[in-house]
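K.L.:
The structure is given below, and queries will be raised subsequently.
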Amino acid sequence: MKWIGTFKNCLVGGSQQQTHDAEERGSTCGSNSVKAAPTETTLIKKIFNPTIVQQKDTCVDNALGGSQEMEQITSLWNKTDLWMAWASMLLVAVAVALEVQTVSVYSTFATSDFDQMSLLSALSVVKAVMYIATRPVMAKFADVLGRFESILMSVVLFTIGFIMLAASPNIGTYFAAHIFYVFGQVGIQFMEQVFAADTSDLKNRMFFVILPNICYLFVPWCSAPITNAIIKHSTWHWGYGMWCIIVPVVSIPVLTIMFRHKMKARALGMQCGKSVRNMKETLLQFDLVGLILFTGGLCLLFLAVTLVKSSKSWTQPHVLPMIIIGPILLLLFPIWEKTYPKYPFLPFSAMKDRTLITGCIFVGLYSLAFYIYYPYYYPWLLVCKGLSVTAATNTSVTFTVASTAASIGAAALIRYTKRIKPIIVAGGFVYILGLGLTYHYRQPDHSLAQFIAAQAVEGVGSGMLQSPTLVLIQSVVNHNQVVSATAIFYSSISVGTVIGDAISGSMYRQSYPKQLTEYAPFLSEADIHKMVNDVRAPLKYAWGSPERVAVIEAFNHVYRKMLYGPLVVAGVMILISFTMPNVDLDELEQRVKGVVFGKSDKPADGEKNPVSNQCPCDILPTDNSSQDGDFEKSESVVSKTIHNEQKI
């Protein structure tokens, strides 16, 4: 029964180095009976506890300017600068979180005004495709041009998008505005994650990955009164318009801090970003061919999936070329990255890393499971539960609040156990339990409290899945690769979102009219069209009336079917979670440099880690007593050079 002990070690503990030593000792056994056990054990370890390989640091000549510039900035600033930068970033995070919670409500009313509510899932697909295209581009901007330029560009595009949304006269302008709005919003949120990776070590990374999302503990309860007041006393136009004022204003502090330190670094003679003044070198660093292959392949493939309405749609002239060309571009992407570019989007050695591949598949499946039923969650609350806008908004955010709270607990467990895999495995089981409860209680005759409890359980499981997987991926790449790896991680989430939205929209468009015909025969064809495309149409029938009951039965029948797929996908996720490496964060190199939260370099062998018993947010004092209050600084050549220049 050795395999049971091995499986336990793979899940909850055991040093990676000790595992290899055990394999070597087992291989020396001579008898046939003894050889069988090591072979079985080795196979189990290969499946459930694969070898962890950290990518080597990129040489300075091949490193991109953005990551180098940030390392030098963190070597320059002190603890006050770091705290102020994070406080400013959190101010932006709160504003964007409040915007996310409110505009999702306005989209229902905007599409209803245009008499196009059936395009709600199509709108989600457009946004998801933009998410896919945006993050790789933003990753290159952050690495080539710099962190400040990327944040500034995101804020500008965000503002343009919301101006267009507020002034939309038709559905075409409304959809076009999402191109700018999504690029800006995703850029801001992505740069929050990049900033977390730049300013924290691996053991504390989980805290700072979720820190911008902690505002979701209180923001959802603030958003409901706002959306209710906007819909009651104004229009969705103003609901969009106010954000083109709020977000640019709250972005001023963080942009000022980043710009000041960027200028300070340049004043000290740092050469990062010099390639920006060399057009040829800049184009090489952007790896435009690689970006086109990756983003173009994903966009073509999943736009085709979105346009498919029936089995005959696969052979239509506007769908078939996208289905063929999309996968071809995706297959060419790793070949190109391995062979040609001087500055690849992500080195091939990192791209084929099992941890990266497994993690991306895992979060892609998670997103797929969630978005199969999520796009029509809010309309279901309004129609089938008879909730007001405020009550429906508060109910819909239960999942988000539970997920955020659970991620805080998961961060604490990871910080003090140094293990990520057990959290992810446990989260998978909790998540599938929550989905099962949601399916059971998603019926009109069950109380709303039971359904909210099911959503809370599902949210707890979700909080233990996504962010820990991101930290797991970031732990095996170096600092120069962490931005690209993070972009691929979030692009995988968007892939799941695209597929889930496409499935959800197809089920809604094809099944709901049929169910209305069966359950509500009193409706004419025009009435059915109105019911499907305008969320306010079913609400005209009094609660408890035979007409309203018939519509509820039809909608609920479709919506419960949307939960079959997520239950199956969640089961597959659990199986995949067992195959992830059991990373010990204490044994890995800390790839960040300079003044950061935690320790910026790994102690020498036998040296006691001075932060092992500290709170994750404690500031590490520097050994240089002449700079009071500074964090622990790295011993890099760049840091020493800067220190000498400051003395001069």
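K.L.:
So is residue 293 at pLDDT 75 or above, within 20 Å of residue 492 (Cβ to Cβ) and outside the structural domain of residue 137 (by TED's automatic domain parsing) or not?
P.N.:
yes
K.L.:
Right, next: For residue 537, work out the one condition from (1) more than 24 Å from the chain's Cα centre (by Cα); (2) under 22 Å from residue 497 (Cα atoms) it doesn't fulfil.
P.N.:
Residue 537 satisfies every listed condition except (2).
K.L.:
Still on this structure: I'd like to verify a number: residues in the stretch 231-252 that are over 25 Å from residue 156 (Cβ atoms) and either in a helix (DSSP H, G or I) or acidic (Asp, Glu) (or both), how many? Before the answer, list the steps.
P.N.:
Here is the first cut: in the stretch 231-252, the residues over 25 Å from residue 156 (Cβ atoms) are 231-235.
Within this subset, residues satisfying the condition of being either in a helix (DSSP H, G or I) or acidic (Asp, Glu) (or both) are 231-233.
Residues flagged as over 25 Å from residue 156 (Cβ atoms) and either in a helix (DSSP H, G or I) or acidic (Asp, Glu) (or both) within the stretch 231-252 amount to 3.
K.L.:
On to the next question. Say we look at the stretch 138-177 and pick out the residues that are outside any helix (DSSP H, G or I) and touching a residue at least 24 places away in the same chain (Cβ under 8 Å); which of these is nearest to the chain's Cα centre (by Cα)?
P.N.:
In this case the residue turns out to be 146.
K.L.:
Could you name every one of the helices (runs of 4 or more DSSP H) located completely within the stretch 481-564 that has at least 3 residues being more than 25 Å from residue 370 (Cα to Cα) and in contact with a Phe, Trp or Tyr (Cβ under 6 Å, 6 or more places away or on another chain)?
P.N.:
546-561
K.L.:
Given the structure, is residue 459 free of Cβ contacts under 8 Å to residues at least 40 places away in the same chain and crowded, with 22+ Cβ neighbours inside 10 Å?
P.N.:
No; evaluated as a whole, the condition is false for this residue.
K.L.:
Now for a separate question. Can you give me the ranges of the helices (runs of 4 or more DSSP H) entirely in the stretch 383-478 with at least 2 residues that are over 29 Å from residue 512 (Cβ atoms), small (Gly, Ala, Ser) and at pLDDT 90 or above?
P.N.:
Where helices (runs of 4 or more DSSP H) fall fully within the stretch 383-478 and carry at least 2 residues being over 29 Å from residue 512 (Cβ atoms), small (Gly, Ala, Ser) and at pLDDT 90 or above, they are 398-417, 421-441.
K.L.:
Give 180, 259, 207, 190 a once-over and let me know the one that is out of contact with any Ser or Thr (no Cβ under 8 Å at 6 or more places or on another chain), in a helix (DSSP H, G or I), touching a residue at least 60 places away in the same chain (Cβ under 8 Å) and not polar (S, T, N, Q).
P.N.:
Going through 180, 259, 207, 190 in turn, the sole match is 259.
K.L.:
Residues in the stretch 355-364: is at least one surrounded by fewer than 16 Cβ atoms within 10 Å (Cβ to Cβ), at pLDDT 85 or above and either under 25 Å from the mean Cα position of the chain (by Cα) or under 30 Å from residue 236 (Cα atoms) (or both)?
P.N.:
yes
K.L.:
From the list 439, 376, 416, which one is of a type in the set (Phe, Trp, Tyr) and surrounded by 21 or more Cβ atoms within 10 Å (Cβ to Cβ)?
P.N.:
Only one candidate passes the filter, namely 376.
K.L.:
So, one more: Regarding the stretch 336-354, can at least one residue be identified that is buried (at least 22 other Cβ atoms within 10 Å of the Cβ), at pLDDT 80 or above and in a helix (DSSP H, G or I)?
P.N.:
no
The values are calculated or read from the model by the stated rules, or taken from the named source; none is laboratory data. Quick caveat, the model's predicted, so the values are computed rather than measured. Counting neighbours? That spans all protein chains shown, and the Cβs are built from the backbone with ideal geometry, glycine included.
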